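A.B. asks: Quick one: structure below, then a few questions.
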């Protein structure tokens, strides 16, 4: 099983639309036997015999969003950058050299004002390399194409606001109050799945406040209304025609809908959208810890109820938590009086605090309850956080910024490196005072690989000289090459082992 964004790569097609309707079958009631003590529940009348009227009202406000970008691929596959890329190998007898292709992606969105403001997902307008796409086109329900401008976007909440012009009065919809939504309520979703064109699906709310990954904004409406790739950014409507969610992701073993879809609740989305429209930066709170929910195993080991609080796995040196005295092994049970639960994670509570806020946090430590009051910091960007995070076992992890850019180490030694920070040192089980370079990649055809160097090892010295930056190591390599040497000595340290000196042949 996996979670995936409901965005697809596709050819530009017609506009997307979306809508919904209301009611329950007249006379329906909860099944019960004669001995049941349950009170009879008679749902209100007004069955949704059809969603057509509501769909007709809402459809004009829903749009298709397509993007174009240039990508470089190391193949001559003529289908690179299209939905058929994986179906064909290198074609045309190419030599595998990098070639440029135009990639297209497809998503949905909706008008929230008559003057052309459109809400969608951040990932809909984001290039494959994490940067900005080169061109965004909005196609309205009547098939008209408009170039779109990004007014603002926020990667953390996965929201973006676009603006188009060209008409004096665009049809639009309004946000509703997702806090009033209940499990079992009817909802409808409209979008452009797989680039097929406008599609409307209906279902019910399966869960509210669903936490699917423990992230800072992992608080979703779950629905069984079909959501597929291409529906990303489209609205989820209640029976009054209000937007109570923004379709965002699905849970599926195949990438297609299996009746488990997720939408960002309007209670989260609406304030952020208004900030983006005003041109304000969206600030998120940051505590500087890595956490894990208290599952059954943790609760048994700690002697506390399961699903109560979250366990502190690591603390960022010098961060807000560290300064406040939070330690590894603490269990955070509440933030500002709000309990930490599976539906209300520590990340969610902290992320929604303004930087500079002093907030009481209740902890369990060695069976005792105590309270600390950290000052919440501003959450770093994803790029900055990437520099602080390193998983030696995840060879597919996006390489943090800061590694050598000249290519000399890759060519001459067969390795890539990044500076060792105190946070990464803690993650690698090394003393935080250790200085050096973390190996992030090793060319398996190099002597470095044959000599046992591996991802996650730390180079602390080269030819007897301490190294803390890629530039310092490159300078030593250049010096060795200039002296006509064909090898160099690297002093390397691995988790749980003393540093050793390894001779490495230069290429």
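A.B. asks: In segment 491-507, which residues are touching a helix residue (DSSP H, G or I) at 6+ places or on another chain (Cβ under 8 Å) and at pLDDT 90 or above?
C.D. replies: Keep residues of segment 491-507 that are touching a helix residue (DSSP H, G or I) at 6+ places or on another chain (Cβ under 8 Å), which gives 504-507.
504, 505, 506 - these are the residues of segment 491-507 that are touching a helix residue (DSSP H, G or I) at 6+ places or on another chain (Cβ under 8 Å) and at pLDDT 90 or above.
A.B. asks: Among the residues of segment 344-356, what is the count of those that are part of a loop (DSSP other than H, G, I, E, B) and either exposed (fewer than 15 other Cβ atoms within 10 Å of the Cβ) or without any contact (Cβ under 8 Å) to a residue 24 or more places away in the chain (or both)? Step through it out loud before you land on a result.
C.D. replies: Within segment 344-356, the first condition is being part of a loop (DSSP other than H, G, I, E, B), and the residues that meet it are 345, 352-356.
The next check asks that each one be either exposed (fewer than 15 other Cβ atoms within 10 Å of the Cβ) or without any contact (Cβ under 8 Å) to a residue 24 or more places away in the chain (or both); those that pass are 354-356.
Looking only at that region, the number is 3.
A.B. asks: Kindly provide the set of residues from segment 425-452 that are at pLDDT 80 or above and in contact with a helix residue (DSSP H, G or I) (Cβ under 7 Å, 6 or more places away or on another chain), ordered by number.
C.D. replies: Matches in segment 425-452: 434, 437, 438, 442, 443.
A.B. asks: Ok, one more. Would you mind stating whether residue 331 is at pLDDT below 90, outside the structural domain of residue 433 (by TED's automatic domain parsing) and farther than 24 Å from residue 118 by Cα?
C.D. replies: Values: at pLDDT below 90: no; outside the structural domain of residue 433 (by TED's automatic domain parsing): yes; farther than 24 Å from residue 118 by Cα: yes.
Taking the combined requirement at face value, the residue does not satisfy it.
A.B. asks: So is residue 211 closer than 30 Å to residue 289 by Cβ and surrounded by fewer than 21 Cβ atoms within 10 Å (Cβ to Cβ) or not? Before the answer, list the steps.
C.D. replies: On the way: closer than 30 Å to residue 289 by Cβ: yes; surrounded by fewer than 21 Cβ atoms within 10 Å (Cβ to Cβ): yes.
For residue 211, the condition - closer than 30 Å to residue 289 by Cβ and surrounded by fewer than 21 Cβ atoms within 10 Å (Cβ to Cβ) - is met.
A.B. asks: Got at least one residue in segment 361-370 being in a helix (DSSP H, G or I) and either at pLDDT 60 or above or on the phi > 0 side of the Ramachandran plot (or both)? Please lay out each step first, then the result.
C.D. replies: To start, the set of residues in segment 361-370 that are in a helix (DSSP H, G or I) comprises none.
The answer is no, given that none of the residues of segment 361-370 is in a helix (DSSP H, G or I) and either at pLDDT 60 or above or on the phi > 0 side of the Ramachandran plot (or both).
A.B. asks: Still on this structure, I have one more. List the residue pairs whose Cβ atoms are under 9 Å apart, where the first residue sits in segment 226-238 and is at positive phi, the second is crowded, with 24+ Cβ neighbours inside 10 Å and part of a loop (DSSP other than H, G, I, E, B), and the two are 6 or more positions apart or on different chains.
C.D. replies: Filtered contacts from segment 226-238: 230/6; 230/7; 230/16; 230/192; 233/6; 233/7; 233/121.
A.B. asks: Can residue 114 be described as over 17 Å from residue 229 (Cβ atoms) and part of a loop (DSSP other than H, G, I, E, B)?
C.D. replies: Numbers: over 17 Å from residue 229 (Cβ atoms): yes; part of a loop (DSSP other than H, G, I, E, B): yes.
Yes.
A.B. asks: Also: Pick from segment 241-264 the residues that are surrounded by 24 or more Cβ atoms within 10 Å (Cβ to Cβ) and in contact with a helix residue (DSSP H, G or I) (Cβ under 7 Å, 6 or more places away or on another chain): which of them is farthest from residue 109 (Cα to Cα)?
C.D. replies: Of everything passing the filter in segment 241-264, 244 is farthest from residue 109 (Cα to Cα).
A.B. asks: Quick check: anything in segment 144-155 surrounded by fewer than 21 Cβ atoms within 10 Å (Cβ to Cβ), touching a helix residue (DSSP H, G or I) at 6+ places or on another chain (Cβ under 8 Å) and in a loop (DSSP other than H, G, I, E, B)?
C.D. replies: Here is the first cut: in segment 144-155, the residues surrounded by fewer than 21 Cβ atoms within 10 Å (Cβ to Cβ) are 144-147, 149-152, 154-155.
Subset that is touching a helix residue (DSSP H, G or I) at 6+ places or on another chain (Cβ under 8 Å): 150-152, 154-155.
Next cut, in a loop (DSSP other than H, G, I, E, B) only: 155.
Yes; the residues of segment 144-155 include at least one that is surrounded by fewer than 21 Cβ atoms within 10 Å (Cβ to Cβ), touching a helix residue (DSSP H, G or I) at 6+ places or on another chain (Cβ under 8 Å) and in a loop (DSSP other than H, G, I, E, B).
A.B. asks: Let me ask something else about it. Residue 182 - would you say it is free of Cβ contacts under 8 Å to residues at least 60 places away in the same chain, more than 24 Å from the chain's Cα centre (by Cα) and outside the structural domain of residue 353 (by TED's automatic domain parsing)? Spell out the reasoning first.
C.D. replies: Numbers: free of Cβ contacts under 8 Å to residues at least 60 places away in the same chain: yes; more than 24 Å from the chain's Cα centre (by Cα): yes; outside the structural domain of residue 353 (by TED's automatic domain parsing): yes.
Taking the combined requirement at face value, the residue satisfies it.
A.B. asks: Ok, one more. Could you list all residues from segment 465-484 that are on the phi > 0 side of the Ramachandran plot and either surrounded by 12 or more Cβ atoms within 10 Å (Cβ to Cβ) or touching a helix residue (DSSP H, G or I) at 6+ places or on another chain (Cβ under 9 Å) (or both)? Don't jump to the end; show me each part of the working.
C.D. replies: Residues of segment 465-484 on the phi > 0 side of the Ramachandran plot: 484.
Of everything in segment 465-484, nothing turns out to be on the phi > 0 side of the Ramachandran plot and either surrounded by 12 or more Cβ atoms within 10 Å (Cβ to Cβ) or touching a helix residue (DSSP H, G or I) at 6+ places or on another chain (Cβ under 9 Å) (or both).
A.B. asks: Taking segment 280-311, which residues are outside any loop (DSSP other than H, G, I, E, B) and either within 19 Å of residue 347 (Cβ to Cβ) or not assigned by TED's automatic domain parsing to the domain that holds residue 350 (or both)?
C.D. replies: First, pick out the residues of segment 280-311 that are outside any loop (DSSP other than H, G, I, E, B): 285-286, 289-293, 296-302, 310-311.
Matches in segment 280-311: 285, 286, 289, 290, 291, 292, 293, 298, 310, 311.
A.B. asks: Determine whether residue 315 is loosely packed, with under 15 Cβ neighbours inside 10 Å and over 30 Å from residue 160 (Cβ atoms).
C.D. replies: Here the answer is no, as residue 315 does not meet what is asked.
A.B. asks: May I ask you to verify whether residue 335 is at negative phi, free of Cβ contacts under 8 Å to residues at least 60 places away in the same chain and buried (at least 18 other Cβ atoms within 10 Å of the Cβ)?
C.D. replies: When the stated conditions are applied, residue 335 passes them.
A.B. asks: Output the number of residues of segment 259-278 satisfying the condition of being closer than 21 Å to residue 226 by Cα and in a loop (DSSP other than H, G, I, E, B).
C.D. replies: Total meeting the criteria: 2.
The values are calculated or read from the model by the stated rules, or taken from the named source; none is laboratory data. In this text, all values refer to a predicted model and were calculated from it rather than measured experimentally. Methodologically, a virtual Cβ is constructed for each residue, glycine included, from the backbone with ideal geometry; neighbour enumeration extends over all protein chains shown.
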